[in-house]
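*Asks:* Handing you a structure now.
The values are calculated or read from the model by the stated rules, or taken from the named source; none is laboratory data. Being a predicted model, the structure only gives us computed values, none of them experimental. Here the Cβ positions follow ideal geometry from the backbone for every residue, glycine too, while neighbour counts run over all protein chains shown.
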Amino acid sequence: MTIVDFPTTTSGIQGMAPGQQALDAARFQLAEAVRFLGLDDGLHRMLATPRRSLTVSVPVRREDGRMEVVQGYRVQHNLSRGPAKGGIRFHPDTDLAEVTALAMWMTWKCALVGIPYGGAKGGVAVDPATLTSRELERMTRRYANEIQPLIGPEKDIPAPDVGTDEQTMAWIMDTYSVNAGYSVPGVVTGKPTTLGGSLGRAGATSRGVQIAALAALGSADGRTVAVQGFGKVGALAAQYLADAGCRVVAVSDASGAIYSERLDVADVRAWASANGGVPGYPHADTIAHDELLELDVDVLVPAALEGVLTGANAHRVKARLIVEGANGPTTPEADLILADQGATIVPDILANAGGVIVSYLEWVQNTQAYSWSAHEVEIKLRDLMEGAFREVNTLAADRGLTLREAAHAIGVGRVAEAHRLRGLYP
Ligand code: NAD
């Protein structure tokens, strides 16, 4: 019985729907790791398919009284190492295939950095910018209610992702808690600190990107950086890299891209939050979206969406180091081309793991009803990020692998080992 296709080459990935393209990329990376590790076909099938996928219809009452229905998803990819963990995305293009790919990457990421979670992801196919704040709250609460059978502090713990934030997590925590009859702060991470959120969580993914970039660069001094995506991850990644001594020359968001010899990142952040985006920032030139990806810079940080570095543009990418703030920004074709060009890619499951690391620390604090200082959180984050980077780098050097291949070999290997030790029920 064939239940999934296992893409073993990179052909055919171009031209697919973005979600399917991401899922094929994730399965391609898994197949490479399975081959490297010598895992059997049955285990490969198990790892290539999610344990549980839930599709929900979310009715939303608009301000004018109309009711609309949007599609929502929650996918638990793997539970062998602990409860499922993963963000919730609100984006019009999200679909089941994309959420499944993102859940799979979460499984390897948690295993790679050694935190006791499986992988999950959620999404609602909606553009949050088209909803009023009250509509957004109603939709979020109804979605939380629909996925409530799957989530819980010991089962599956959501967090913010594209289009969601601390407020979204507060609404989900409240909805879950009201249904439970008592406060359950550990059901989500990335909450406001007043509700049990961890100090350091808001900037954790970006701090991790900075740590990974500096580990790969050696020295930050004057290295030029371009960052695609100026949201929760990209804006602070740009800030932290500038703080470390890099020269940030270009940033972009969905509405445009800007370039200057040296951007004052704090000033761009203030401008973007006051004006709804980076376009129009007065001390920089406007450039095309795609141009940013092809700038002659030392470091490129894709921190927006999947599939932006592809077979079509990878030949023109000049960055020597690519640090994946986003999940899945590089297709397998682009990976091969970039490796041939001598570029180093710090893969998503390593580079952006800072977010789930501090989410884990938040959950640990919640389960103990205790909170740590920002300094304690940062030390633990740094320790886990640097440890994971060293392990990946060493395996890559010893076995002649790319950093992505090494990261997947470690992550997939740990999940496979958990399955071996637990055995198969019944
Ligand atoms: P966000 O919604 O806060 O920001 C996304 C940014 O990308 C926005 O600035 C948006 O305008 C921009 N964008 C969208 N399309 C673009 C395009 N075509 N060109 C340029 N910019 C574009 O989301 P986020 O939380 O910062 O997530 C960004 C990426 O990081 C996603 O891939 C997400 O899965 C990944 N990630 C996020 C976290 C986290 O803690 N938030 C953790 C790990 C990985």
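*Asks:* Mind checking which pairs have a first residue in segment 181-207 that is within 16 Å of residue 163 (Cα to Cα) and a second that is surrounded by 24 or more Cβ atoms within 10 Å (Cβ to Cβ) and of a type in the set (S, T, N, Q), Cβ under 7 Å, 6 or more apart or different chains?
*Replies:* Every condition considered, the pairs that remain are 189/359; 190/359; 205/352.
*Asks:* Let me spell it out: the conditions are (1) over 16 Å from residue 92 (Cα atoms); (2) in a strand (DSSP E or B); (3) of a type outside the set (D, E, K, R), and residue 123 meets all of them except one. Which number is the exception?
*Replies:* Of the numbered conditions (1) over 16 Å from residue 92 (Cα atoms); (2) in a strand (DSSP E or B); (3) of a type outside the set (D, E, K, R), the odd one out for residue 123 is (1).
*Asks:* Mind checking whether some residue in segment 209-216 is within 19 Å of residue 355 (Cβ to Cβ), buried (at least 19 other Cβ atoms within 10 Å of the Cβ), within 11 Å of the ligand (Cβ to nearest atom) and not hydrophobic (A, V, I, L, M, F, W, C)?
*Replies:* For segment 209-216, residues within 19 Å of residue 355 (Cβ to Cβ), buried (at least 19 other Cβ atoms within 10 Å of the Cβ), within 11 Å of the ligand (Cβ to nearest atom) and not hydrophobic (A, V, I, L, M, F, W, C): absent.
*Asks:* Residue 399 versus (1) at positive phi; (2) of a type outside the set (Ser, Thr, Tyr); (3) not assigned by the TED database to the domain that holds residue 299: which is the lone unmet condition?
*Replies:* Among (1) at positive phi; (2) of a type outside the set (Ser, Thr, Tyr); (3) not assigned by the TED database to the domain that holds residue 299, residue 399 violates only (1).
*Asks:* Separate question: If you check residue 63 against the conditions, is it under 23 Å from residue 254 (Cα atoms), touching a residue at least 40 places away in the same chain (Cβ under 8 Å) and not hydrophobic (A, V, I, L, M, F, W, C)? Show your work before the answer.
*Replies:* Values: under 23 Å from residue 254 (Cα atoms): no; touching a residue at least 40 places away in the same chain (Cβ under 8 Å): yes; not hydrophobic (A, V, I, L, M, F, W, C): yes.
It is false that residue 63 is under 23 Å from residue 254 (Cα atoms), touching a residue at least 40 places away in the same chain (Cβ under 8 Å) and not hydrophobic (A, V, I, L, M, F, W, C).
*Asks:* Restricting segment 228-263 to residues that are closer than 16 Å to residue 207 by Cβ and among the charged types (D, E, K, R), which is farthest from the ligand (Cβ to nearest atom)?
*Replies:* Checked segment 228-263; the qualifying residue farthest from the ligand (Cβ to nearest atom) is 243.
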